[in-house]
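*Asks:* I am attaching a structure below and will ask some questions about it afterwards.
The values are calculated or read from the model by the stated rules, or taken from the named source; none is laboratory data. Since this is a predicted model, take the numbers as computed values, not measurements. Because the Cβ atoms are built from the backbone with ideal geometry, glycine has one as well, and the counts that use them run over all protein chains shown.
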């Protein structure tokens with residue numbers, strides 16, 4: 001059996017067991033990468049044509065030229081949390097680091113008494129490689145994850161695998177990936193699985209209209225299947241405009257939107273929508289993504305990149 005078929009079967013085989021898994025830890029691994037893909041609703045599995053492939057589908061590292069890329073991003077997330085990322089790409093290899101900070105947290109004992117503030121932080125470091133399997137692009141990622149909250153810490157290991165097929169002479173591409181397949185996170189006596197998920201998507205890049213359209217189906221380890229839609233328009237010289245949308249489980253959506261509470265605001269209905277913009281000139285890029293979370297607030301993601 002050809003290697004590409006074997007890897008494809010392994011990816012597809014993850015879809016069913018993913019839906020039966022329990023509650024997972026290391027949720028910062030689900031916060032996306034950079035700003036371009038987020039502006040498109042993270043419908044990126046079949047796109048993955050830049051440094052963001054290290055997160056969405058490592059198969060995107062297999063082809064695309066011999067240049068190098070360097071990227072940094074920072075997200076002002078919800079409730080004083082933040083996400084910072086850095087990545088370096090020299091095809092077919094790439095490396096990336098993600099740092100998540102939960103800010104200052106209020107500590108309480110079993111009776112509810114204050115015990116003083118404490119902090120929590122998570123770090124993930126990874127190496128990725130793309131390679132060719134006949135007409136297919138393929139990729140693998142190895143990742144080490146370190147989490148710490150107060151005086152407790154945990155270390156776990158994970159891997160991603162992806163496939164990407166671009167139809168020669170057409171704007172179409174197909175992609176599939178499984179992410180965060182690895183060991184459990186153990187804090188003291190309790191263990192939790194990583195946020196394992198299977199993704200499959202399609203994309204079409206219409207060069208004449210300077211329009212990129214993408215759709216993803218996502219099967220997370222916890223919760224129902226999700227659909228993601230994304231679009232990018234580059235018809236303005238040096239400027240990119242992006243829109244995205246994702247579905248959500250009804251219970252999760254109601255909780256985030258504050259439904260049932262009198263104080264729910266008019267911005268609540270924007271949850272599930274994404275927007276972004278980018279500027280590129282002479283190898284330099286600056287990108288921004290806006291992520292509304294209803295009455296929980298709005299997250300802002302900025303990213304800068306350099307191709308050389």
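*Asks:* Within region 178-193, count every residue that is out of contact with any helix residue (DSSP H, G or I) (no Cβ under 7 Å at 6 or more places or on another chain) and touching a residue at least 12 places away in the same chain (Cβ under 8 Å).
*Replies:* 11
*Asks:* Just checking, how many residues over region 146-182 are outside any strand (DSSP E or B), modelled with pLDDT of 95 or more and surrounded by fewer than 16 Cβ atoms within 10 Å (Cβ to Cβ)?
*Replies:* Total meeting the criteria: 2.
*Asks:* Here's a follow-up. Just one of 157, 198, 192, 187 is over 21 Å from residue 51 (Cα atoms) and under 18 Å from the mean Cα position of the chain (by Cα); which is it?
*Replies:* 157
*Asks:* Further question on the same structure: Report whether or not residue 228 is at pLDDT 95 or above and buried (at least 21 other Cβ atoms within 10 Å of the Cβ).
*Replies:* Yes: the conditions hold for residue 228.
*Asks:* If you don't mind, there's one more thing I want to ask. Looking only at region 202-228, which residues are closer than 16 Å to residue 272 by Cα, under 14 Å from the mean Cα position of the chain (by Cα) and in contact (Cβ under 8 Å) with a residue 40 or more places away in the chain?
*Replies:* Passing the criteria: 216, 228.
*Asks:* List, please: which pairs have Cβ atoms under 8 Å, are six or more places apart or on different chains, and start with a residue in region 113-129 that is on the phi > 0 side of the Ramachandran plot and modelled with pLDDT under 95 and end with one that is in a strand (DSSP E or B) and exposed (fewer than 15 other Cβ atoms within 10 Å of the Cβ)?
*Replies:* As it stands, the answer is 116/107, since those pairs meet every condition given.
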